[in-house]
Amino acid sequence: MDIITGYLLTVNIISFVLYGMDKYKAKRGKWRISEATLLTMAVIGGSIGAWTGMKVWHHKTMHKKFTIGVPLVLTLQAALAIYLHIRA
């Protein structure tokens, strides 16, 4: 596994887990993970984990910055990956 694949795998797993942790904390009225942190995880490469976490945990599905933002980031990252792959 190369370093980029390892990084992406790690950041997506962390992102997925953070969405689950935040949902758990929300249900129990505990300290929450900030929306900025959750969105940042998507932007730094964890968009698949963020999107999957939203779907699996049914979390942040009523917030437009998540329902529009995370898929948009995922689409842009996928387009960039395809572009870089074609150029390689």
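The values are calculated or read from the model by the stated rules, or taken from the named source; none is laboratory data. Remember, it's a predicted structure, so these values are computed and weren't measured experimentally. The accessibility values were calculated without ligands, DNA or RNA, using every heavy atom of the protein model including side chains. Shrake-Rupley method; radii C 1.70, N 1.55, O 1.52, S 1.80 Å.
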Kyte-Doolittle at least 0.5, axis length at least 24 Å by Cα - qualifying DSSP helices, the chain: 3-27, 69-87
Fluctuation leader among Met41, Met54, Met21 - the chain, Gaussian network, Cα springs under 10 angstrom: Met21
Distribution of pairwise C-alpha distances over the chain, 5 Å bins, in %: 3, 16, 24, 25, 15, 9, 5, 2, 1, 0
Residue of Val56, Val70, Val43 that the Gaussian network model of the chain assigns the largest fluctuation, springs spanning Cα pairs under 10 Å: Val56
1.4 Å probe accessible area per residue over the chain, in Å²: 69
Structure-based [θ]222 nm, the chain - -39500 (n - 2.57) summed over DSSP H runs of at least 4, per residue, nearest 500: -24000 deg cm²/dmol
